[in-house]
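What follows is a single structure, and I will ask about it in a moment.
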Amino acid sequence: MAPRLDDYVLRMRNLHQRYNLSKNMLELFRAYGEHHRGTKSPEELGRWLRTSPLLRRACTDTISSLAIAMQKNPTHECIAECGDIITCCTEMLNLANESKQGTILPFMKFPAEIRRNIYRYYFNDLFLASRWKQPGNIILKRPHNCHCAPHQSYIHGLVRPLQMSLVSTCSQIKNEALAMWFADNVFHFACGCELKHSLQINTSLRHNLKKVKVHWTGQESAAAFNLLQGVPSLKRVVVVISKSTTNNMSEKEALLRTYFTPRCQTRITEALGFDELMEFRGLERIEVEHVDRSQAHRRAEEERNGLQKILESVAQGS
């Protein structure tokens, strides 16, 4: 859409000499005309005026001088001409004064695939900037407040926090970046309590988690596995077992032990959370691993192999 005034119209009507418009004002009106014709974005014009004190002052001084001119010559022609110029100056100042908080960052105008590649490079740089120069175990910044044994990384001081300043820029970037972060990496949880807590408080994790590794222990294991079943993007689960897996029994086993003589050793199928694990369906991979020897006592390989076989048969089914 053609503007009411631009530098060409001002010169053709000799308004720039009649009202002593400066060269800076003519430059502004040239940019103003390009903005209205669509060759210059409003953000660019506003940024140009916002970052140049000389241009902004020229704009405000012009408005003041035109107001004086109308007082001295209150004819219809003068008032109309000065009013048109003041209207254009006011529009330019409004573009410069617009808050940037309510606008979408130019970054969001990139195609989604380009934005995802940028996020991926950013996350790779986070790992390269760390001490280990490569991706490691991604765990919570602080251990969960429960009685289960934490990750050994906390004990040995090997935890290196990642400063993800990118997610503090705006809500759109935060949602996109965290969705990719949770989808592309394996997240490790020291117990069922920690897993349950994380799924409850982190909406992005709950909606985008794809690969998870969890030590099957803790009083919240059953509830944690129930929540994990509700993650729509989940594709891979690694269950870590140890002697502490059977420290907490299922409700059924606890009831049976009230009336029957307990066995000398609790089987893994009687542990709290086993029934919930058997409810997993449609996973691409499910694995069972032994716990690290420095964290807890290991179970027999026969139990690990048996658990993996039965979980594979049900979790990868329909």
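Every number here is computed from the coordinates shown, using simple stated rules; none is lab data. Bear in mind that the values here come from a model prediction, so they are computed numbers and not experimental data. Positions of Cβ are generated from backbone atoms using ideal geometry, with glycine treated the same way; all protein chains shown enter the neighbour counts.
How large is the direction-averaged shadow of the alpha-carbon convex hull of the stretch 201-318, in nm²?
With every direction weighted equally, the projected area is 7.9 nm².
From the phi of every residue in the stretch 182-187, what ³J(HN,Hα) in whole Hz does the Karplus formula 6.51 cos²θ - 1.76 cosθ + 1.60 yield, where θ is phi - 60° and glycine or proline is x?
After applying 6.51 cos²θ - 1.76 cosθ + 1.60, I find 6, 7, 9, 10, 8, 10 Hz.
Beyond 29 Å between alpha-carbons counts as too far, so tell me which of Lys40/Lys72; Lys210/Lys252; Lys23/Lys72; Lys109/Lys213 fall in that bin.
Beyond 29 Å between Cα atoms: Lys40/Lys72; Lys210/Lys252; Lys109/Lys213.
So what is the relative contact order of the stretch 7-97, in percent, for Cα pairs below 8 Å that sit 6 or more residues apart?
Relative contact order comes out at 32 percent.
What ranking do His297, His76, His290 get, fewest neighbouring Cβ atoms within 10 angstrom at the top?
His76, His297, His290
While we're here: Check which residues have an amide H placed less than 5 Å from Phe187's amide H, if you skip close sequence neighbours.
Long-range HN contacts for Phe187: Lys211, Val212, Lys213.
If you don't mind, another one. Divide, for the stretch 226-269, the radius of gyration over alpha carbons by 2.2 N^0.38 Å, where N is the residue count.
In units of the 2.2 N^0.38 Å rule of thumb, it is 1.56.
Remind me, what semi-axes does the stretch 107-316 give for its equivalent ellipsoid, largest first in whole Å, using sqrt of 5 times each Cα gyration tensor eigenvalue?
35, 19, 15
Once you charge only the Cβ atoms, +1 for Lys and Arg and -1 for Asp and Glu, what is the size of the charge dipole of the stretch 7-97 about its Cα centre, to the nearest 20 debye?
Dipole of the stretch 7-97, to the nearest 20 debye: 220 debye.
Can I ask one more? Can you give me the relative contact order of the stretch 206-290 as a percent, contacts being Cα pairs under 8 Å and 6 or more apart?
Averaging sequence separation for qualifying contacts and normalising by length gives 40 percent for the stretch 206-290.
Also, quick follow-up: In the chain, with Lys and Arg counted as +1 and Asp and Glu as -1 at Cβ, which of these residues, Ala315, Ala112, Thr51, has the Cα nearest the positive end of the dipole, that is, farthest along it?
Thr51
Translational diffusion coefficient of the stretch 259-318 at 4 °C, 1.567 mPa s, Stokes-Einstein with Kirkwood Rh over Cα pairs, in µm²/s as a whole number.
99
What list of ³J(HN,Hα) couplings, whole Hz, do you get for the stretch 274-288 from phi and the Karplus terms 6.51, -1.76, 1.60, once you set θ to phi - 60° and write x for glycine and proline?
So the J values, rounded to whole Hz, are 5, 4, 5, 4, 6, 8, 5, 9, x, 7, 6, 8, 9, 10, 10.
Same structure again: Within the set of other residues whose C-beta is less than 12 Å from the C-beta of Lys211, count the net charge using Lys and Arg as +1 and Asp and Glu as -1.
Residues near Lys211 contribute +2 overall.
Efficiency by 1/(1 + (r/R0)^6): what FRET value for Glu289 and Ile118, r their Cβ-Cβ distance, R0 = 30 Å, to the nearest 0.05?
The formula returns an efficiency of 0.30 here.
How do Phe182, Phe225, Phe260 rank when sorted from fewest to most other Cβ atoms within 10 Å of their own Cβ?
Lowest count first: Phe260, Phe182, Phe225.
Which of Cys78, Cys89 has the fewest other C-beta atoms within 10 Å, and how do the rest follow up to the most?
Going from sparsest to densest Cβ surroundings: Cys78, Cys89.
Follow-up question, since we're still on this one. Dividing the alpha-carbon Rg of the stretch 7-97 by 2.2 N^0.38 Å yields what?
Output field value: 1.05.
Using Cα pairs under 8 angstrom and six or more residues apart, how large is the relative contact order of the chain, in percent?
10
Please give, to one decimal in nm, the separation of the simple spin-label points placed at Met108 and Arg57, each 7 Å out from Cα toward the Cβ.
3.6
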